[in-house]
Amino acid sequence: MRVASTIGCLLTCFLGAIAAADSPGAGDAIRLAGTPALSPDGRQLVFSWRGDLWLVSSDGGRARRLTSHPARDVMPAFSPDGKRLAFTSDRTGSPQIYVMDLREAEPRQWTFHGEGSVLEEWSPDGRELLVSGQRDHYWQHPERFFRIDAERRAAPRLVFDDYGADGNLSPDGKKLLFTREGEKPWRQGYRGPRASQIWLYDLAAKTFEKVLDDPTGAASPRWMPDGRGFYYTSERAGSRNLWRYDFKTGRSRQLTHLTDSPIVSPCVSRDGKMIVFAHLFDLYRWRPGGGRSPERLEITCPGDALLDPVLRRSLATATDAAFSSDGLEIAMIAGGDLWVMDTELREPRRVTDTPEEERDPVFAPDGKSILVVSDADEQSDVWRVTRAEASKYWWENDEFVLSRLTLDAESESELKWSPDGKLVALVKGRGDLWVMRPDGKEARRVMRSATPIGFDWSPDGKWLVYGIEDTESNRDVWIAPLDGSRKPINISCHPDVDTNPVWSPDGKVIAFTGRRTCNEIDICFVYLQEKDDQTGRRDRTVERAKMKMDRGRGKTNRGNPAAAKQAGKSKGLAIDFEGIDRRVRRVSLPDVNEQNLFWSPDSKQLAFAAKIDGRQGTYTISPPDDLRPKLLNPRVGSRPKWIAAGNQIL
């Protein structure tokens, strides 16, 4: 990727101060423009300024804005025919390549890799784009060059499996100049082994050649149109200036003699008649062979483009989210702050505005409060948020009331309300499981753990199920009563990893993931009552037939409404612990690793995320009779929640 992009970012950060200094009289002057690109004939110039791209004559003058977006658009490049413009933008959160037709000016995203891609340039025939990106070699030199099709969506093609930066293709497209090593461009005067080197790669022969390796560094290689040499920047004569290298003689010649600041981001028109670069606060142009010194470009913009009284932020992603019990309101973390919104209007309302970070939001079952973990006051604690105007919905409120619930040195995470809303369970420190009242009082430790712990509440709020690691690094699933009436019970009893349990809403089944064959993760489930485990398929079918007949003919509990009302009263969960580990059943799906288990509200379906037959998605099974996975949705996510209202999965 271009070394100049780093300094361009820094220059952009100082833009507000410079713009303010220039106003009001000279408020239309553009200063600190970066990453310039010349049209093929050298007549037009595109550059980045204030996060957008601007077009101006290479003689200077009034610039025209090409893009207008809260994200940062940089590193433009004209196509060889001059009709299209490619550039790098972080509109989706990571740097990606965008391409726009200059006649239509509507950019289209062209790359979608999760780690991002940075534009280098177009191929000479205009059919491909040369891009770079950090990929799999995170421990050392992850930068790689790729070629992507400029006409249609296609997989990127690796140029060579080795590192490099600031690539530039030869006029015939057969060779690639690039740099390796290199100190930061603002570290002037560096001499040593980390000085930038210029290399040459032959795409046909697949050979490398180190062309320049000077202790003062050589950077920003740009081919001459005839392919006989290239321009580059170097500090060989003191300040970083423009030089030319000749392949035939192997010699370099200094072209510019600026002394007060380095030259950065040089670009060369394809006809070779114009070079533009950034120097100090401005862009300069220089004509090869003209015998004249570089000229500073006077570039202006409409006066109203300089100062904007409104500070605008663009938050592209939410890092965490929680839903109200009916799924109609959302609490989410974006930019490190807590926000709320509804699912129809979808206009986020900021709840917190702190320099510290908030995370792990969760709605109370009654929707009247939100618990969130905040690092305010330089330590992690649980805070409760309520609405200033309780009669209005969350997203209708402008003010909120925050109160701290915990005050200790331990970090909190994984907040979960009990179904009845009377208690909150959470993880403290490395993995200790705690419960407390919603006001933060009567907090007590349920289980110690030296590693992260996955847990779930029983439907009646009287038990907790959790996966915990023992001293032998084996992880099992345990059940513990909150009243301490008995010791925790190991329900999985297996010498490998069993974890992430989820309790069915009807309280009859606990499902979890376990590694029981080689390195494959499978779904396991266990009935908590022996009679349910021994009930056969036909017995369950008979019961479903009776229920269907009763509903269809208006009967309730076999025609006895009083009995139905009595049966509907909760009596708490009954668990047969004798031999419970022998009732564990495994769902064997070969070559599939299941995760993120969650139940449907009626407890009839168990959903999970997996990749089955090459297709990633969210699948369901119906224990115990129908264990064939069915694709529910091709998408997967974190913290899934299946709510009865509207039969939605959030």
Worksheet, complete the sentence: By residue number, the members of the range 115-138 that are within 17 Å of the chain's Cα centre (by Cα) and among the polar types (S, T, N, Q) are Ser117, Gln134
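When you go through Ser413, Ser449 one by one, which is the residue that is small (Gly, Ala, Ser) and either modelled with pLDDT of 95 or more or assigned to a loop (DSSP other than H, G, I, E, B) (or both)?
Ser449
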Worksheet item: How about the range 192-213: which of its residues are surrounded by fewer than 16 Cβ atoms within 10 Å (Cβ to Cβ) and closer than 17 Å to Leu242 by Cα?
Response: Asp213
Item to complete: Give the number of residues within the range 271-324 that are modelled with pLDDT of 75 or more and within 34 Å of the chain's Cα centre (by Cα).
Response: 11
Worksheet item: Are any of the residues in the range 232-249 assigned to a strand (DSSP E or B) and of a type in the set (Val, Ile, Thr)?
Response: yes
Worksheet item: Which of the residues spanning the range 470-481 are free of Cβ contacts under 8 Å to residues at least 40 places away in the same chain, of a type in the set (A, V, I, L, M) and either open to solvent by 20 Å² or more (accessible area, probe 1.4 Å) or within 19 Å of Ile523 (Cβ to Cβ) (or both)?
Response: Val477
Worksheet, complete the sentence: Residues of the range 578-595 being among the charged types (D, E, K, R) and either surrounded by 12 or more Cβ atoms within 10 Å (Cβ to Cβ) or at positive phi (or both), in sequence order, are Asp581, Arg583, Arg585, Arg586, Asp591, Glu594
Response to the item:
Per the filter on the range 514-529, residues open to solvent by less than 10 Å² (accessible area, probe 1.4 Å) and of a type outside the set (Asp, Glu) are Gly514, Ile523, Cys524, Phe525, Val526, Leu528
Item to complete: Of the conditions (1) open to solvent by less than 10 Å² (accessible area, probe 1.4 Å); (2) in contact (Cβ under 8 Å) with a residue 24 or more places away in the chain; (3) not charged (D, E, K, R), Ser239 clears all except one; give me its number.
Response: (1)
Worksheet item: Can you name every residue in the range 394-410 that is of a type in the set (Ser, Thr, Tyr) and either modelled with pLDDT of 95 or more or not in a loop (DSSP other than H, G, I, E, B) (or both)?
Response: Ser403
Worksheet item: Among Thr249, Thr256, Thr216, which is over 39 Å from the mean Cα position of the chain (by Cα) and open to solvent by less than 30 Å² (accessible area, probe 1.4 Å)?
Response: Thr256
Worksheet entry | Scope the range 429-446; condition closer than 22 Å to Trp478 by Cα and either open to solvent by 20 Å² or more (accessible area, probe 1.4 Å) or part of a loop (DSSP other than H, G, I, E, B) (or both); matching residues | Gly429, Arg430, Gly431, Asp432, Trp434, Ala443, Arg444, Arg445, Val446
Discussion item. Anything in the range 250-288 that is under 18 Å from Val46 (Cβ atoms) and outside any strand (DSSP E or B)? List them, or say none.
Written reply: Ser269, Arg270, Asp271, Lys273, Met274
Worksheet item: Restricted to the range 327-353, and to residues that are part of a loop (DSSP other than H, G, I, E, B) and either open to solvent by less than 70 Å² (accessible area, probe 1.4 Å) or at positive phi (or both), which residue is modelled with the highest pLDDT?
Response: Val351
Worksheet item: Counting only residues that are open to solvent by 20 Å² or more (accessible area, probe 1.4 Å) and assigned to a loop (DSSP other than H, G, I, E, B), how many does the range 151-181 have?
Response: 14
Worksheet item: Taking strands (runs of 3 or more DSSP E) that fall entirely within the range 566-638, which contain at least 2 residues that are over 15 Å from Ile510 (Cβ atoms) and either without any contact (Cβ under 8 Å) to a residue 60 or more places away in the chain or out of contact with any helix residue (DSSP H, G or I) (no Cβ under 8 Å at 6 or more places or on another chain) (or both)?
Response: 595-599, 606-612, 615-622, 626-633
Worksheet item: What are the residue pairs meeting all of these: first residue in the range 76-95, first residue farther than 12 Å from Trp110 by Cβ and among the hydrophobic types (A, V, I, L, M, F, W, C), second residue open to solvent by less than 20 Å² (accessible area, probe 1.4 Å) and assigned to a loop (DSSP other than H, G, I, E, B), Cβ atoms under 6 Å, and 6 or more apart or on different chains?
Response: Phe78/Ser39
Worksheet item: in contact (Cβ under 8 Å) with a residue 60 or more places away in the chain and open to solvent by 20 Å² or more (accessible area, probe 1.4 Å) - does that describe any residue in the range 482-491?
Response: yes
Worksheet item: Pairs under 8 Å by beta carbon, first residue within 12 Å of Asp408 (Cα to Cα) and open to solvent by 20 Å² or more (accessible area, probe 1.4 Å) in the range 364-383, partner at pLDDT below 95 and not in a loop (DSSP other than H, G, I, E, B), six or more apart or different chains?
Response: Asp375/Glu358
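The values are calculated or read from the model by the stated rules, or taken from the named source; none is laboratory data. These figures come from a predicted structure and were not determined experimentally. With ideal geometry, Cβ positions are generated from the backbone for all residues, glycine too; neighbour counts draw on all protein chains shown. To get the accessible areas, we keep the full protein, side chains included, count just its heavy atoms, and leave off ligands, DNA and RNA. Shrake-Rupley method; radii C 1.70, N 1.55, O 1.52, S 1.80 Å.
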